[in-house]
Each structure stands twice: as C-alpha cells, then as structure tokens.
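Working notes, beginning with the structure itself.
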Amino acid sequence: MWKFVLPAAAFVALVVLFAFGLNPKRDIHALPSPLIGKQAPLFDLGDVLDPTRIVSNGALKGQVYVLNVWGTWCVACREEHEALLEIARARVVPIIGLDYMDEREKAKQWLTQLGNPYQAVAFDTDGRTAIDWGVYGAPETFLVDGQGRVLYKFISPMTPEVWQQEFLPRIQAARKGGA
Amino acid sequence: MTAHRAAYARATRAFRRLKRTVALACALAIAGDAALAASAADAPPRSVDAYGQLQDPVLQSRFEHIVKDLRCLVCQNESIADSNVELAADLRRQVREMLVAGQSDDAIFGFMTDRYGEFVRFNPPLEPKTLLIWGAPFIILILGAVIVVRVVRQRSRMPLDDEPSVGPS
C-alpha cells in the first residue's frame, strides 16, 4: 500500500511545486515589500524641473497618492509612460515621480518630449530615498493611503489593466476606510 | 643545387631572426608581468569599492563580513560585495556610514531587512519562520536514516541467496 501511495504523493507534490515555480507569469525578480502596511518613508527632495521647489510626501498626508520610481535610463519606464499619462488624465489620484539614478537634463527632456504625468517629480540624486523605500530597480509603483501607509507595491511597467485590477479597487477601499 | 642551398640558408636566417624576435617578446612580456606584479604589491590591497578601505581595521573586517552577507537585489545571486551595480555601491556606502556612525551589525542588518525584506540576507537568522529552511537538511537526513534502517532490517530477515537450502532436495 505505502509503496504506491508514497511515490504518488511525492509525484503530486512535485507537480504542484513545478506548476508554481515554473509558472511563466510569475516574476521571479519581484520581491514582496516589507513596507506594505507600514508608514511610507518621508522625503524632502528638490523637484527635477525646478531644484528650488521642494517635493515633500509628508505634505500629501490626508490624500491617497501614487509614487512612481523611474529614470531615463530605464527602458521599461519608457514602456509604461503612455499608461501613466492615461492614468494622470483620469485625475483619480496624484502621481508623484521619484527620478532615480538620473541626470537632471535628461529627465527634463524626457518630461517635455513625452509628456509629464506627475504632479511633482522628486529628484533622488544619491539614491538614499530609493533605499528607504526598498527600491531595487525601476519602474516600481507604490500606493500610499491618507494616513501615509504603504498599501501596495507594483514592480514592472504599469499597464491600464494593472491599474484597473490592482490599484483602483485599493484606492476606493482606502477612501472608504478613510472617510 | 646552389640555388637550393641559398634558399636553405635564407630560411635558416629567417628562422633565427624569428626565434630572436620571439625570445625578445617573451622577455619583454615577463619583464612587464614582473613590473605589474611589483606595482600591485606596492599598491594597497584592492578594496571592495571606490571609497577605499576604512581607517579602522576592525571596522573594515566588519564591513567586509556584512557586505558579503547582503544580497544585491538587482542580480540576486551576488552579494553587494561582489556586484558592480549602482544600487550595490549605494548600499555599501550605507553600510560604511552606519559602521562609522558606530551602529551594530544587527542594526545594519535590521536597516536592510526593514527596507528590502529577509531576502536581502544570504544567511537568514534562525527564527520560527525560517525554521524549515534551517531544519530541512536535518529532516532529510533523518528521513534517509529511517529508510536505510528499514531496508537493512528487511534484507536481514530475507534468506541469503547462496545459503544451502534446508530440507530434502
């Protein structure tokens, strides 16, 4: 009896393991963020378009916002730019940019040529803010609620589908909870 | 015949010249290597990043130990000590600064896991949730031992093949 049950059980376990591990849809580089549910790290950085203007996420307390980490060196950021513009046009939440490991001139050019979906773009010159947010690549998109808590992190280029499925329901829930 | 001999002499001379050239090249290469080795010996040992070594050798050894245990999240199978990625350089800078500021190793690892999760550590600490990772080798060892014992016991109950059969033939 055991001679048949044990190998069969082992086989089933392997199939389940492989179905999960070899699933092509699973992004093996996407790591769960330990920041979820915690207070979003605060930053006060110069705006990429105007260094004298300070972008401070602490000032956004009380409203749900999106923080999008990008850079002109990042091909996937170029890929998601159209989606961000579309999201910005809907004016559901402010999108704050965090320009990371970048050059100011290139970033300015990017925003004037491709359009600017951001309410403000913080310019992280030394990568410290990115470290605080646990950023390890770009693009990364965070959703922060009115109490300043990180609700969700998405690693990969933003798409209208991801926005609809992952972000909008959370934004609605956060607003209901906050009201 | 003479033409043949002349050609032979020319070839020999050419060959000697070639030999000299090769010997000269070899000598130069060896000398160059020696010079390089000498200059490398003069230079301080290569540090893991552009900032150079920490003044305090104790801090430096702690630094090296910590950066070897932190995963570069861009390459994921390299430590930040080995990686040339900008993020790894930023994280090394962070570790240095915290060391110089007098922070403990635990505080530095805590800083990293707070931001990047447990995955950032190559050696996850022994905790209830990491029990399976640390225990798995022992579980597999015990499982193997149980199987071996069972098989050996079963075999020892079986008659040997070359045992003379008992009873009338």
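Can you work out the base-10 log of I(q)/I(0) for segment A:1-56 at q = 0.19, 0.23 1/Å, using the Debye formula on its C-alpha atoms alone?
Calculated log10 I(q)/I(0) at the listed q: -0.84, -0.92.
Return the aspartates and glutamates within reach of A:Lys61: Cα separation strictly under 16 angstrom, same-chain partners fewer than 8 residues apart disregarded; answer none if there are no such residues.
Partners found: A:Asp44, A:Asp145.
Taking θ as phi - 60°, what are the ³J(HN,Hα) couplings along segment A:90-97 by the Karplus curve (6.51, -1.76, 1.60), each to the nearest whole Hz, with x for Gly and Pro?
So the J values, rounded to whole Hz, are 6, 6, 7, 9, x, 9, 9, x.
Within segment B:101-121, whose backbone N sits under 19 Å from a point 7 Å along Cα→Cβ of B:Val58?
Counting only backbone N, you get B:101-109.
Report the trypsin sites (Lys or Arg not before Pro) located in segment A:2-33 that are in a DSSP loop and have at most 15 other Cβ atoms inside 10 Å of their Cβ, or state none.
On the way: sites: A:Lys3, A:Lys25, A:Arg26; in loops: A:Lys25, A:Arg26.
Those satisfying the criteria are A:Lys25, A:Arg26.
Using only DSSP helix segments of four residues or longer, with each worth -39500 (n - 2.57), what per-residue ellipticity at 222 nm results for chain A after dividing by its residue count and rounding to 500?
Working: 5 runs with 63 residues, N = 179.
Computed mean residue ellipticity for chain A: -11000 deg cm²/dmol.
Return the distance in nm (one decimal) between the two label points of a simple spin-label model at B:Ala136 and A:Leu114, each offset 7 Å from Cα along Cα→Cβ.
My value for the distance between the label points is 3.9 nm.
Go through segment B:67-169 and name the GluC sites (Glu not before Pro) that are in a DSSP coil and have 10 or fewer other Cβ atoms within 10 Å of their Cβ. Numbers along the way, then the final one.
Working: sites: B:Glu78, B:Glu86, B:Glu97, B:Glu118; in loops: B:Glu78.
Hits after loop and neighbour filter: nothing returned.
How much length, in nm to one decimal, is gained on full extension between A:Ala8 and A:Leu168, taken as 0.36 nm per residue of separation minus their Cα-Cα distance? Provide the component values of the computation, followed by the final result.
Values: separation 160, 0.36 × 160 = 57.60 nm, distance 4.37 nm.
Result: 53.2 nm gained on full extension.
Using modelled backbone amide H atoms (1.01 Å from N, in-plane), which distant-in-sequence or interchain residues come within less than 5 Å of A:Val55's amide H?
Hits under the 5 Å cutoff: A:Leu45, A:Gly46, A:Asp47.
List the chymotrypsin sites (Phe, Trp or Tyr not before Pro) within segment B:86-167 that fall in a DSSP loop (any state other than H, G, I, E or B) and whose Cβ has at most 13 other Cβ atoms within 10 Å.
Numbers: sites: B:Phe109, B:Phe111, B:Tyr116, B:Phe119, B:Phe122, B:Trp134, B:Phe138; in loops: B:Phe122.
The qualifying sites are B:Phe122.
For peptide A:134-142, how many partner chain Cβ atoms fall within 10 Å of a residue's Cβ, on average? Intermediate results must be reported in sequence, preceding the final value.
Working: counts 8, 4, 12, 4, 0, 0, 0, 0, 0.
If you average over the peptide's residues, the count of other-chain Cβ atoms is 3.
Could you list the residues of segment A:112-153 with an amide nitrogen less than 18 Å from a label point located 7 Å from the Cα of A:Arg91 in the Cα-to-C-beta direction?
Only A:116-120 fall inside the zone, counting backbone N under 18 Å.
Determine the shape class of segment A:26-177: with a ≥ b ≥ c the square roots of the Cα gyration tensor eigenvalues, call it rounded for a/c under 1.5, and otherwise prolate if a/b is greater than b/c, oblate otherwise. Before the final figure, lay out the partial values.
Details: a/c = 1.33, a/b = 1.22, b/c = 1.09.
It comes out rounded by the Cα gyration axes.
Tell me, what is the FRET efficiency for B:Phe122 and A:Glu79 to the nearest 0.05, using R0 = 41 angstrom and their Cβ-Cβ distance as r?
On the way: r = 32 Å, r/R0 = 0.78.
According to the calculation, E is roughly 0.80.
Identify, among A:Leu35, A:Cys74, A:Ala59, the residue whose Cα sits farthest towards the positive end of the charge dipole of chain A, taking +1 on the Cβ of Lys and Arg and -1 on the Cβ of Asp and Glu, with the dipole about the Cα centre.
Checked the options; the winner is A:Leu35.
Could you line up B:Met98, B:Met158 from fewest to most neighbouring Cβ atoms inside 10 Å?
On the way: B:Met98 18, B:Met158 7.
Taking fewest neighbouring Cβ atoms as first place, the list is B:Met158, B:Met98.
Nearest 0.05, what FRET efficiency do A:Ile54 and B:Ala145 give at R0 = 45 Å with Cβ-Cβ as r?
Numbers: r = 65 Å, r/R0 = 1.44.
The value I calculate is 0.10.
Here, each number is a calculation from the coordinates, and none is a lab measurement. Since this is a predicted model, take the numbers as computed values, not measurements. Every residue, glycine among them, receives a Cβ derived from its backbone with ideal geometry; neighbour counts consider all protein chains shown.
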